[in-house]
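First up is the structure itself, then whatever we jot down about it.
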Amino acid sequence: MKGTTPFLKIFTILVFLFLYSPIIVMVVFSFNESKSIGVFTNFSFRWYEKVINNPEVWKALFNSFWVGAVVTIVSLVLGLMMAMAVTRYSFSGKSILESLILIPVIIPEIAEALSLLIMYIFLNIPLGPVTVIIGHIAFDVSFVTIVMRARMAGYDKSIEEAARTLGANEFQTFFRITLPTLYPAILAAGLLAFTLSFDDLIKTLFTTGPGFKTLPLIVWSSAARGGVSPELNSLSSFALSISFLFAVFRLRAERRLER
Amino acid sequence: MAIWFYAPFFIVGLYSFDMININRQIVFTPSLVHYSRVLSWTGAMGIFLRSLYFAGVTVLLCLLIGYPVAYYISFKIKKYKDLFIILFIIPFWVSFLLRTYAMMSILDERSFLNTLLTSLGLIDSPIKIMYTDAAVILVMVYDYLVMMVLPLYANLEKLDKTLLEAASTLGAGPVRTFLKVTLPLSMPGILAGFLLVFIPTVGEFVIPELVGGPNNYMVGNLIYEFFMGARHWWIGSALSMLFIAFILSLVIAYVRKIGERGLAF
């Protein structure tokens, strides 16, 4: 369709504009000197200073990082085990297990989060960082398993057999052959798990205890309470730069996988 | 291990069948009373229908916006295709919550966009879109557009382009080629996009909470109200179970039609 090309081009440009402008406006106005979110007066770091001097933000950032790290490590170990189980062995109920792995990705997060909360209350488990971590892992394991399983499908088992023939025992084979070969997939899945945990709002919101906050929780509570403000603009831009950094890492890991 | 994930739903299931009493003891007298209350309550049905409607409109808009973009990048861009796709994905690297907030920052009555449009004389008074149905749908389109474009693009890329040449050699005009060849062949992409946008939007909770008001609530907000507001866990549980069953039946219908390969995201 030759005649439609200019139209398509303009349309695509407009869509890109639609995608980028809210984020750009948010970042630009985080540097605004005045309190206005509609008129840009002067460039200033005023709101960033306010964010940086807020100990609650640093505490939340620290919480987000360590929760993300624990969730990533545990999800990787469990996900790797599940992926190996379903790709290497056949056992009864395997296809059921495979669907059971997929379902958590599909269920609406709000139903999942509230169910977790009900279970914790029913079992009298005190809410806090541990309950948050358990909730994140239950969900992230599925994602890790799906990513790992896709990569393992093309895995060449003969190198493991070669290692065994050459006298390596099972542990040596796993740590010196299997793990290094799967390293790019593990890296990609790990970064995905970390991002999912780091950005998670709904599960954290309902499974956290008093006083334990992560970065998305702070953004959520100020957005729900006071709406748009320059201070929240700068906090969001700050959080955005962290998400961005991890996305770049993830992209590079995925690129490496494709090669 | 998979059981661990399902334990919460098991407990919610017990609540929904009235098998846990107010003292948190399990009682073996299952009953459907909470299900029948949910199903016979028109208010809940109205909110459920509204969720379907919001998600349906969002899917439609994502398709109308996303198809031309996927088509353009796949068919018209020769060099730097990957660059275009990455440029498209970059805004979605920003977390879902921050994207929603960024949209709030331009939809707000006092926002830059409103000041700009007013000062240009394009509008007389600021657009009051926050806390309306339109705001909820607009933000959902913004947040989930990528879920439509990526499967569509992957599908169009795989499409055998010699078929299009064959169609035009055989005398089909561009419109006819598109309607009779391209569009039917991209149906798997459209269906995958439909599922990937519809499922998260129909269960959306954060967006209606932030940019909608009580009049724009969706099923997710209703479930939340029962659990956290009214603390009626039995009704909340019955509602959750019904909603999860609805979502799962959608996915099962999709898998039946497309085959399991359709789920390999």
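Which residues, taken from region B:69-80, are touching a Phe, Trp or Tyr at 6+ places or on another chain (Cβ under 8 Å) and either surrounded by 18 or more Cβ atoms within 10 Å (Cβ to Cβ) or of a type in the set (S, T, Y) (or both)?
Initially, region B:69-80 is screened for residues touching a Phe, Trp or Tyr at 6+ places or on another chain (Cβ under 8 Å), giving B:69-70, B:72-74, B:77.
Residues satisfying the conditions are B:V69, B:A70, B:Y72, B:I73, B:S74.
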Hits in region B:222-250 - residues which are closer than 19 Å to B:P200 by Cβ and modelled with pLDDT under 90: none
Please count how many residues of region A:67-104 are of a type in the set (G, A, S), part of a helix (DSSP H, G or I) and farther than 23 Å from A:P184 by Cα. 2
Quick one: which helices (runs of 4 or more DSSP H) lie wholly within region B:152-202 and hold at least 1 residues that are modelled with pLDDT under 90 and of a type in the set (D, E, K, R)? B:162-169, B:174-177
Verdict on B:S74 being among the polar types (S, T, N, Q), over 24 Å from B:F205 (Cα atoms), within 13 Å of chain A (Cβ to nearest Cβ) and in contact (Cβ under 8 Å) with a residue 12 or more places away in the chain: yes
Would you confirm whether any residue within region B:28-45 is within 13 Å of another protein chain (Cβ to nearest Cβ), out of contact with any Pro (no Cβ under 9 Å at 6 or more places or on another chain) and not hydrophobic (A, V, I, L, M, F, W, C)? no
Within region A:121-130, residues in a helix (DSSP H, G or I) and either more than 11 Å from chain B (Cβ to nearest Cβ) or at pLDDT 95 or above (or both) come out as A:P129, A:V130
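For (1) at negative phi; (2) among the acidic types (D, E); (3) within 14 Å of the chain's Cα centre (by Cα); (4) more than 8 Å from every other protein chain (Cβ to nearest Cβ), each residue gets a yes or a no:
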position	(1), (2), (3), (4)
A:E112	yes, yes, no, no
A:G154	yes, no, no, yes
A:D200	yes, yes, yes, yes
A:K203	yes, no, yes, yes
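Can you tell me which residue is surrounded by the most Cβ atoms within 10 Å (Cβ to Cβ) among those in region B:103-124 that are in a loop (DSSP other than H, G, I, E, B) and more than 7 Å from every other protein chain (Cβ to nearest Cβ)?
Restricting attention to region B:103-124, the residues satisfying the condition of being in a loop (DSSP other than H, G, I, E, B) are B:108-111, B:120-124.
Of the ones still in play, those that are also more than 7 Å from every other protein chain (Cβ to nearest Cβ) are B:109, B:120-124.
On the way: B:E109: 16, B:L120: 8, B:G121: 7, B:L122: 8, B:I123: 12, B:D124: 7.
Residue satisfying both the conditions and the ranking: B:E109.
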In contact with a strand residue (DSSP E or B) (Cβ under 9 Å, 6 or more places away or on another chain) and either within 10 Å of chain A (Cβ to nearest Cβ) or closer than 30 Å to A:H136 by Cα (or both), is that true of B:I11? yes
For B:L64, which of the numbered conditions (1) touching a Ser or Thr at 6+ places or on another chain (Cβ under 7 Å); (2) within 20 Å of A:V15 (Cβ to Cβ) fails to hold? (1)
Flag for B:A238 being in contact (Cβ under 8 Å) with a residue 40 or more places away in the chain and assigned to a helix (DSSP H, G or I): yes
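Can you tell me which residue is farthest from the other protein chains (Cβ to nearest Cβ) among those in region A:209-259 that are of a type in the set (S, T, Y) and not in a helix (DSSP H, G or I)? Before the answer, list the steps.
To start, the set of residues in region A:209-259 that are of a type in the set (S, T, Y) comprises A:214, A:221-222, A:229, A:234, A:236-237, A:241, A:243.
Add one more test, that the residue is not in a helix (DSSP H, G or I), and what stays is A:214, A:229.
Values: A:T214: 11, A:S229: 9 Å.
Within region A:209-259, the match that is farthest from the other protein chains (Cβ to nearest Cβ) is A:T214.
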Residue pairs qualifying under the 9 Å Cβ cut-off, at least six apart or on distinct chains, with the first in region A:11-32 being over 16 Å from B:I73 (Cα atoms) and the second being loosely packed, with under 15 Cβ neighbours inside 10 Å and among the aromatic types (F, W, Y), are A:F31/A:F43; A:F31/A:F45; A:N32/A:F43
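Give the residues of region B:207-235 that are out of contact with any helix residue (DSSP H, G or I) (no Cβ under 9 Å at 6 or more places or on another chain) and either assigned to a helix (DSSP H, G or I) or among the small types (G, A, S) (or both), sorted by residue number.
Residues of region B:207-235 that are out of contact with any helix residue (DSSP H, G or I) (no Cβ under 9 Å at 6 or more places or on another chain), as a first pass: B:213, B:229, B:231.
Result: B:G213, B:G229.
May I ask you to say which residue of A:S44, A:S92 is over 30 Å from B:L248 (Cα atoms), more than 29 Å from the chain's Cα centre (by Cα), among the small types (G, A, S) and more than 14 Å from every other protein chain (Cβ to nearest Cβ)? Working first, answer last.
Numbers: A:S92 fails: over 30 Å from B:L248 (Cα atoms).
That would be A:S44, the only listed residue that is over 30 Å from B:L248 (Cα atoms), more than 29 Å from the chain's Cα centre (by Cα), among the small types (G, A, S) and more than 14 Å from every other protein chain (Cβ to nearest Cβ).
The values are calculated or read from the model by the stated rules, or taken from the named source; none is laboratory data. These numbers were taken from a predicted model, which means no experiment stands behind them. Cβ sites come from the backbone with ideal geometry, for glycine too, and all protein chains shown count toward neighbours.
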